[in-house]
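J.: Take this structure first; my questions come after.
The values are calculated or read from the model by the stated rules, or taken from the named source; none is laboratory data. Keep in mind that this is a model prediction, so the values were computed, not measured. Please note: Cβ atoms are built from the backbone with ideal geometry, for glycine as well, and neighbour counts cover all protein chains shown. Please note that ligands, DNA and RNA were not included when accessible areas were found on the heavy atoms of the full protein model with its side chains. Shrake-Rupley method; radii C 1.70, N 1.55, O 1.52, S 1.80 Å.
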Amino acid sequence: MLRISIQTILRGVLMAGGMGIFLAATSPLEAAAQDRMPMRVAVEGAFPPFNYLDANNKLQGFDIDIANALCEVGKFECQFIIEKWDDIIPDLIADKYDAIISSMSMSLERRQKVAFTEKYYNSPSVFIARKDSSISDVSPAALSDKILGVTSSTAQESYANHLYPEMKKTVFRSSPELYKGLADGSVDIILEDKLAIYDWIANTKAGSCCEFKGPDLVDVTYFGEGAGIALRLDDKERLTRLNEALKSIKADGTYDMINAKYFPFSIQ
């Protein structure tokens with residue numbers, strides 16, 4: 001009786017083992033896909049060095065590298081979608097994608113509409129003018145007769161509209177257009193995210209025309225507490241998983257490696 005029981009057990013183990021080998025050999029991709037949560041990720045694709053299209057029309061930049069790292073660690077099956085900045089929050093709410101990983105500052109106004117993860121980087125805003133400009137004072141009174149450039153639907157535009165209401169303003173559709181407007185004299189001064197424009201000023205011929213003016217601006221009301229990943233307000237599961245993944249890539253050195261690829265200083 002004992003002998004029969006042992007043989008039966010062994011036969012069952014072998015059968016189970018054989019079945020396991022069969023399943024592993026025929027459907028590993030299906031098993032991996034089932035373990036991952038789908039996530040459609042929106043980016044603007046026009047905000048270098050954070051997100052932009054290279055010469056081969058492929059998405060590159062700090063945001064893209066961070067997103068790929070979070071998708072891997074958080075076990076997301078990610079699909080990138082390029083979206084116009086003006087539409088990026090409305091279309092998230094309309095369920096056209098699941099997350100925005102596109103250097104979005106976590107302003108109080110945006111927190112009314114979307115949920116944010118913990119910040120994944122922080123950057124002040126700053127005024128920039130041409131080096132041959134006589135501008136030194138960037139107070140509203142001193143700039144009252146100047147033309148200010150800002151990018152549409154940004155925290156910088158909101159800040160300028162509220163704190164510099166008397167200034168004449170030119171609103172550009174994207175950051176590259178904003179920088180060109182400053183370089184060619186279409187505007188006298190611009191207001192931009194400091195990290196976003198750093199590479200243009202430091203590493204391009206066009207950007208060598210210009211320099212930072214005045215102090216860093218860190219008003220939480222308009223610029224929030226850094227850049228975060230935006231999600232729909234009710235998307236609690238993705239929010240938790242993304243926050244856990246963000247902690248993981250900061251702890252294991254992945255974040256620092258990506259940081260060093262784009263900036264010679266920490267942007268955490």
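J.: Search region 180-193 for residues that are farther than 18 Å from Thr154 by Cα and pair each with any residue that is open to solvent by less than 10 Å² (accessible area, probe 1.4 Å) and in a strand (DSSP E or B) when their beta-carbon atoms are under 9 Å apart and the residues are at least 6 apart or on different chains.
T.: Close Cβ pairs satisfying both conditions: Ala183/Cys210; Ser186/Gly149; Asp188/Ala129; Asp188/Leu148; Asp188/Gly149.
J.: Report yes if Lys131 is farther than 30 Å from Lys250 by Cβ and in contact with a helix residue (DSSP H, G or I) (Cβ under 9 Å, 6 or more places away or on another chain), otherwise no.
T.: Numbers: farther than 30 Å from Lys250 by Cβ: yes; in contact with a helix residue (DSSP H, G or I) (Cβ under 9 Å, 6 or more places away or on another chain): yes.
For Lys131, the condition - farther than 30 Å from Lys250 by Cβ and in contact with a helix residue (DSSP H, G or I) (Cβ under 9 Å, 6 or more places away or on another chain) - is met.
J.: Sticking with this one: Condition first: among the charged types (D, E, K, R) and in a helix (DSSP H, G or I). Can you find one or more residues in region 174-185 that meet it?
T.: yes
Each row is one residue, and each column tells you yes or no for (1) in the same structural domain as Pro90 (by the TED database); (2) open to solvent by 20 Å² or more (accessible area, probe 1.4 Å); (3) within 24 Å of Gly45 (Cα to Cα).
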{"residue": "Ile147", "(1), (2), (3)": "no, yes, no"}
{"residue": "Thr154", "(1), (2), (3)": "no, yes, yes"}
{"residue": "Pro165", "(1), (2), (3)": "no, yes, no"}
{"residue": "Glu177", "(1), (2), (3)": "no, yes, yes"}
{"residue": "Ala183", "(1), (2), (3)": "no, yes, yes"}
{"residue": "Ile190", "(1), (2), (3)": "no, no, yes"}
{"residue": "Ala196", "(1), (2), (3)": "no, no, yes"}
{"residue": "Ala202", "(1), (2), (3)": "no, yes, yes"}
{"residue": "Glu211", "(1), (2), (3)": "no, yes, no"}
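J.: Can you tell me which residues in region 208-226 are under 18 Å from Leu178 (Cβ atoms) and in contact with a strand residue (DSSP E or B) (Cβ under 9 Å, 6 or more places away or on another chain)? Explain how you work it out, then say what you get.
T.: Start the filter on region 208-226 by keeping residues that are under 18 Å from Leu178 (Cβ atoms), which leaves 208-214, 217, 222-223.
Correct list: Cys209, Cys210, Glu211, Phe212, Lys213, Gly214, Leu217, Tyr222, Phe223.
J.: I would also like to ask the following. Counting only residues that are modelled with pLDDT of 95 or more, give me the helices (runs of 4 or more DSSP H) lying completely in region 208-262 with at least 2 of them.
T.: On the way: elements: 220-223, 236-251, 254-262.
Output list reads 236-251, 254-262.
J.: In addition: Against the conditions (1) among the hydrophobic types (A, V, I, L, M, F, W, C); (2) out of contact with any Leu (no Cβ under 8 Å at 6 or more places or on another chain); (3) open to solvent by less than 20 Å² (accessible area, probe 1.4 Å), where does Val171 fall short? Just the number, please.
T.: Of (1) among the hydrophobic types (A, V, I, L, M, F, W, C); (2) out of contact with any Leu (no Cβ under 8 Å at 6 or more places or on another chain); (3) open to solvent by less than 20 Å² (accessible area, probe 1.4 Å), only one is false for Val171: (3).
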